[in-house]
Amino acid sequence: MSDHFFVVTGGPGAGKTSLITELARRGFHTIPESGRAINCEEVASGGDALPWADRIAYAGRILERDLRAYEDAQAP
């Protein structure tokens with residue numbers, strides 16, 4: 001396991017998900033985008049931790065998920 005991490009950022013429709021999907025296909029360890037997953041979960045459950053409803057709750061959910069993903073990525 002490498003101790004180097006790369007962050008992919010960009011605006012909506014810039015190709016982040018496509019890039020991450022291709023890297024995973026080529027065998028790289030990837031972590032799904034938190035925002036997309038949270039949006040799907042919140043809409044499905046009727047929650048309001050969404051960027052257009054409750055930005056503070058949404059940001060908190062992203063932070064929690066990304067910290068957990070970072071910790072998981074460091075585990076052997």
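Just so it is clear, none of the values below were taken in a lab; they were calculated from the coordinates. Since the model is a prediction, treat every value here as computed from it, not as a measurement. Methodologically, a virtual Cβ is constructed for each residue, glycine included, from the backbone with ideal geometry; neighbour enumeration extends over all protein chains shown.
Projecting the Cα atoms of LEU23, GLY47, TYR58 onto the dipole axis of the range 17-76, where Lys and Arg carry +1 and Asp and Glu carry -1 at the beta carbon, places LEU23 farthest toward the positive end.
Taking the longest Cα principal axis of the chain as reference, the axis of helix 34-45 is set at about 40 degrees. The angle between the Cα long axis of helix 55-74 and the longest principal axis of the Cα atoms of the chain comes to about 20 degrees, rounded to the nearest 10. The protection proxy used here, the mean number of other Cβ atoms lying within 10 Å of each residue, ranks peptides 61-71, 33-43, 8-18 as follows, highest first: 33-43, 61-71, 8-18. Dividing the mean sequence gap of close Cα pairs (under 8 Å, 6+ apart) by how many residues the chain holds gives a relative contact order of 23 percent. The charge dipole of the chain, taken about its Cα centre with unit charges on the Cβ of Lys, Arg, Asp and Glu (plus for the first two, minus for the last two), comes to roughly 260 debye. Over the chain, dividing the summed -39,500 (n - 2.57) contributions of all DSSP H runs of at least 4 residues by the number of residues returns a 222 nm mean residue ellipticity of -18000 deg cm²/dmol. Taking a Cβ cut-off of under 15 Å around LEU23, the surrounding Lys, Arg, Asp and Glu residues balance to a net charge of +1, with basic ones at +1 and acidic ones at -1. In degrees, nearest 10, range 0 to 90: what is the angle between the Cα axis of helix 16-25 and the longest Cα principal axis of the chain? Result, in degrees: 40.
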